[in-house]
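Report on one structure; see the data block that follows.
The values are calculated or read from the model by the stated rules, or taken from the named source; none is laboratory data. Here the structure is a predicted model, which is why all the values come from computation and not from measurement. Positions of Cβ are generated from backbone atoms using ideal geometry, with glycine treated the same way; all protein chains shown enter the neighbour counts. Keep in mind that these areas ignore ligands, DNA and RNA; they rest on the heavy atoms of the full protein, side chains included. Shrake-Rupley method; radii C 1.70, N 1.55, O 1.52, S 1.80 Å.
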Amino acid sequence: MQDLVARDLSSLIHPQHDPAVQRSGRVWVRGHGAMLVDADGKEYIDGLAGLWNVVLGHGRRELADAAREQIETLAYASGYAGSSNPRAIELAERLARLTYPAIDRFFFTSGGAEANESAIKVARSYWKLRGRPEKAKVISRELGYHGTTLAAMSATGIAGYWPLFEPRVPGFIHVPPLSADALEEAIVREGAETVAMFLAEPVIGVGGVIPPPDDYFPRIREICDRHDVLFAADEVITGFGRTGKWFALEHWGVSPDIVQFAKAITSGYVPFGGVGVTDAIARVLDEAPGPWMHAFTYSGHPVGCAVALRTLQIIEEENLVAAAARKGVSLLGALRAALGDHPHVSDIRGKGLMCAVDFMKDRVRKTPFAPEEQVGARIHAEAIARGLFSRVRGDTFVLAPPFVTPDDMLDRIAAILTAAAGAVLR
Ligand SMILES: Cc1ncc(COP(=O)(O)O)c(C=O)c1O
């Protein structure tokens, strides 16, 4: 491993590049089920399913077969207007049945940020084609994460992603995350005639796993309708079962106008994502006087579509949405049993199989630890040493294991996190 890390440091630039972090990093060489294996042969529970995406776990032969068969048959052909392929058509048809009833038409991308870029461009073009070009602003939420391309970064409401890359794209506004009134106030303040869309994750993920109150999204839907603002749900993490429903707004009986997805759709085996829109939006694009000049070389990639189709089939056949719901309850229960009374745990929360544990100096007054104490990073390191690889945001430990994680491993996750916290916070 040491040799690989040294070569890595002199040859790669990483997402969230940070050589100090990389120096103590792991190089992964294999995976099986919910386990990752590093270059020294040591095994770890994949506590975040890769980056929330490897829902079927590692080493699924069916997905390898689906990719190989498609590569042998047709590895690639243009997806631009005038070209298509059967897998892309089948996937779009399947998604029309799986996603919200009103969402019937799909544009495919290579990942989540491209899905959000596409959603933003769908919304802006929709209003322009309807003769309302001034409706161009995008409202999103503080703590929301939508990717790091420039527009997605500008929609992202975590300020740490901005400074090195500013100026941000103009016309992006952030509102507090859990107040529907704050959205309405922002729409009124900006002028509804200038607002194209509201963009939100049903459960904030990267920002710290924050589920909304039950009345939040029903009110968001009403407010967007009242002000003629499109509502785009970023389901890049929550889509395809993570929260215990196929799509997360189903928890609250709400349907968006646009839905963005990526990650779980191929279980992370190949890069893939996309955006679904209502018939009403698709019709406006269909009837435009000229072509819609938004495009990616890899839109509708046959291999991505083939792996997505097989992933969705497995999620259905193995009842993994229900499994995610049930295992989420188990994991949350195990975390609460193990850490609920811990003097430095101020909150344990989750929705389906995405959970978070907040560590604080004073759990009652909710006083955080000083950042220089690096409590979260140290708990993360202690968890790794005990065979659990996941992520922290500040002093919040985040968990989202594969849907196929065995029940006893969920208990083990809670036990490792408890031991790791004990080692740091004696
Ligand atoms: C909710 C959400 N949207 C968008 C993205 C960006 O996806 P990608 O990294 O594939 O561009 C992420 C990635 O974590 C995400 O969690």
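Any idea what angle helix 320-339 forms with the longest principal axis of the chain, computed on alpha-carbon atoms, 0 to 90 degrees, nearest 10?
40 degrees
Evaluate the range 48-149: find the radius of gyration of its Cα atoms, find its Kirkwood radius, and give the ratio Rg to Rh. Present the calculation step by step, with values, prior to reporting the outcome.
Details: Rg = 17.3 Å, Rh = 17.0 Å.
Ratio of gyration radius to Kirkwood radius for the range 48-149: 1.02.
Quick one: if the Förster radius is 41 Å, what FRET efficiency do ARG226 and ASP40 give, using the C-beta to C-beta distance and rounding to 0.05? Walk me through the intermediate numbers first.
Details: r = 58 Å, r/R0 = 1.42.
E(calc), rounded to 0.05, equals 0.10.
In whole percent, what relative contact order does the range 1-101 give with Cα contacts below 8 Å and a gap of six or more residues? The partial results should precede the final answer.
On the way: 67 pairs, mean separation 15.6, N = 101.
Relative CO of the range 1-101 lands at 15 percent.
Helix 180-190: angle to the longest alpha-carbon principal axis of the chain, degrees 0 to 90, nearest 10?
In the chain, helix 180-190 runs at an angle near 50 degrees to the longest axis.
Accessible area per residue for the range 1-104 in Å², computed with a 1.4 Å probe and the full protein assembly in place, what is it? Mind showing how you got there, number by number?
Values: 5960 Å² over 104 residues.
Per residue, the range 1-104 has an accessible area of 57 Å².
Report, in degrees rounded to the nearest 10, the 0 to 90 angle that the Cα long axis of helix 61-74 makes with the longest principal axis of the chain.
Roughly 40 degrees between the two axes.
With every protein chain kept in place and ligands, DNA and RNA left out, what is the accessible area per residue of the range 232-281? Probe 1.4 Å, answer in Å². Please list the in-between numbers first.
Details: 970 Å² over 50 residues.
Accessible area per residue, the range 232-281: 19 Å².
Counting pairwise Cα distances across the range 236-356, what percent come out greater than 27 angstrom?
Taking all Cα-Cα pairs of the range 236-356, the fraction more than 27 Å apart is 35 percent.
Can you give the convex hull volume per residue for the Cα atoms of the range 117-168, as a whole number of Å³?
Numbers: hull volume 3.6 nm³, N = 52.
Convex hull volume per residue, Cα atoms: 70 Å³.
So what is the diffusion coefficient of the chain in µm² per second by Stokes-Einstein at 20 °C and 1.002 mPa s, using a Kirkwood Rh over Cα pairs?
After rounding, the answer is 96 µm²/s.
More than 20 Å apart: what percent of Cα pairs in the range 67-224 qualify? Before the final figure, lay out each step's value.
Working: 7348 of 12403 pairs.
Counting every Cα pair in the range 67-224, those more than 20 Å apart make up 59 percent.
So what is the relative contact order for the chain, in percent, with contacts set as C-alpha pairs under 8 Å and at least six apart? The partial results should precede the final answer.
Values: 853 pairs, mean separation 87.3, N = 426.
The value is 20 percent.
Need the full-extension length gain, THR297 to LEU9, defined as separation in residues times 0.36 nm minus the C-alpha distance. One decimal, nm.
On the way: separation 288, 0.36 × 288 = 103.68 nm, distance 3.07 nm.
Fully extending the segment from THR297 to LEU9 adds 100.6 nm.
Could you tell me the calculated FRET efficiency between GLU142 and ASP18, based on Cβ-Cβ distance and R0 = 30 angstrom, to the nearest 0.05?
Numbers: r = 24 Å, r/R0 = 0.79.
According to the calculation, E is roughly 0.80.
Modelling each spin label as a point 7 Å along the Cα-to-Cβ direction, I'd like the ASP362/VAL329 distance in nm, to one decimal.
With each label point 7 Å from Cα toward Cβ, the separation is 3.7 nm.
Lysine pairs in the chain 8 or more apart or on different chains: how many have alpha carbons under 15 angstrom apart?
Working: LYS121/LYS135; LYS121/LYS137; LYS128/LYS137; LYS245/LYS327; LYS245/LYS351; LYS327/LYS351.
Taking the chain as the scope, the lysine pair count is 6.
Taking H as built 1.01 Å from N, whose amide H comes closer than 5 Å to the amide H of VAL29, not counting residues under 5 places away?
Distant-sequence amide H within range of VAL29: VAL37, ASP38, ALA39.
How many percent of the alpha carbon pairs in the range 134-258 exceed a separation of 27 Å?
Numbers: 954 of 7750 pairs.
More than 27 Å apart: 12 percent of the Cα pairs in the range 134-258.
If you roll a 1.4 angstrom probe over the protein chains with everything in place, what fraction of the accessible area of the chain belongs to carbon and sulfur, to the nearest %?
Working: 9870 of 18210 Å².
For the chain, the apolar C and S fraction of the accessible surface comes to 54 percent.
Extension gain ASP181-ALA370, at 0.36 nm per residue separation less the Cα-Cα distance, in nm?
On the way: separation 189, 0.36 × 189 = 68.04 nm, distance 3.23 nm.
Contour length minus the Cα-Cα distance gives 64.8 nm.
When the label point is put 7 Å from the Cα of HIS32 along its Cα-to-beta-carbon vector, which residues of the range 383-426 have a backbone N closer than 20 Å?
Only 387-389, 402-410, 412-413 fall inside the zone, counting backbone N under 20 Å.
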